[in-house]
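> This is the structure I have questions about; it appears just below.
The values are calculated or read from the model by the stated rules, or taken from the named source; none is laboratory data. Just so you know, these numbers come straight off a predicted model, no measurement behind them. Virtual Cβ from ideal backbone geometry, glycine too; neighbours counted across all protein chains shown. Note: areas computed on protein heavy atoms with side chains; ligands, DNA, RNA excluded. Shrake-Rupley method; radii C 1.70, N 1.55, O 1.52, S 1.80 Å.
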Amino acid sequence: MPVPFDKQAYWHDRFSTETSFEWLLGSAEFMSIIKPILTSLEPSSARILHIGSGTSDLQNYFRHLGFLDVTNVDYEPLAADRGRQLEKQAFGNVKMKYAVADATQLHLSNDSGGECCKFDLVVDKSTVDAISCGGEDQVLQMASCVKEHLAPGAVWISLSYSASRFDIERLPFDVQVLAKVPTPKSKATDPDIFHWCYLLRPK
Ligand SMILES: C[S@@+](CC[C@H](N)C(=O)[O-])C[C@H]1O[C@@H](n2cnc3c(N)ncnc32)[C@H](O)[C@@H]1O
């Protein structure tokens, strides 16, 4: 039976005991990859959307750099609890935002039913992989929601284990590989396996 990574119930069960875990790459390494993009943003004003935050501490790395306008979204409420706990452990208080929402139906707004919030950077670390378990249409739905939330000139950075994650006709983004990260081998003869950090610009 494949693991149902696209089902909220799976994440709910998992997060009921898991308080901290990093998928694919640790946050420090991920931050070093996206540094060229971060340096173009002003920490005191940039709006960052972190989709599928899970039990990652990535948001803390943004805060360490002075980014406070960070919205962490996950469809599993326990992820928001875990995120707040991780921020409080690191900083003694909670200043970033944590929202419960489905990335494939995302519409974040400041007032009910109002204009969509815009972000200067959207990141997901393997969330697209979980969503892809529901099929290509789900990835397209996510892509369309991300596009709606991008401010002019903003980009989406997505980390995936798949070399073909965004080989999708109708994808409303131009896709570039920002980094191809080799995974550790237990033996020298193991095959080369990479994680892929994509930079997506709206078409
Ligand atoms: C593979 S984990 C990655 C977690 C975290 N980004 C990391 O790097 O450790 C996928 C995350 O995406 C969330 N997720 C899956 N499908 C989602 C959806 N449709 N909307 C919002 N979050 C979703 C899960 O709850 C989980 O936290």
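> Between Ser56, Ser32, Ser40, Ser45, which is small (Gly, Ala, Ser) and under 13 Å from the mean Cα position of the chain (by Cα)?
Answer to the selection: Ser56.
> For Gly135, only one of the following conditions fails: (1) on the phi < 0 side of the Ramachandran plot; (2) modelled with pLDDT of 95 or more. What is its number?
In the conditions (1) on the phi < 0 side of the Ramachandran plot; (2) modelled with pLDDT of 95 or more, Gly135 misses (1) alone.
> Related question: Among all residue pairs at least 6 apart or on different chains, which show Cβ distances below 8 Å where the first residue, located in segment 91-105, is without any contact (Cβ under 8 Å) to a residue 40 or more places away in the chain and the second is of a type in the set (A, V, I, L, M) and open to solvent by 50 Å² or more (accessible area, probe 1.4 Å)?
Lys95/Leu68; Met96/Leu68
> Same structure, new question: Please specify each residue of segment 135-159 satisfying the condition of being more than 28 Å from Glu115 (Cβ to Cβ) and either of a type in the set (Phe, Trp, Tyr) or surrounded by fewer than 22 Cβ atoms within 10 Å (Cβ to Cβ) (or both).
Gly135, Glu136, listed by residue number.
> Could you look through segment 23-42, keep only residues that are of a type in the set (D, E, K, R) and free of Cβ contacts under 8 Å to residues at least 60 places away in the same chain, and pick out the one that is farthest from the ligand (Cβ to nearest atom)?
Glu42
> Further question on the same structure: Give just the number: which of (1) open to solvent by less than 60 Å² (accessible area, probe 1.4 Å); (2) of a type in the set (A, V, I, L, M, F, W, C); (3) without any contact (Cβ under 8 Å) to a residue 40 or more places away in the chain; (4) in contact with a Pro (Cβ under 9 Å, 6 or more places away or on another chain) does Ile193 not satisfy?
(1)
> Then there is this: At positive phi and near the ligand (Cβ under 8 Å from one of its atoms) - does that describe any residue in segment 6-16?
Within segment 6-16, none of the residues are at positive phi and near the ligand (Cβ under 8 Å from one of its atoms).
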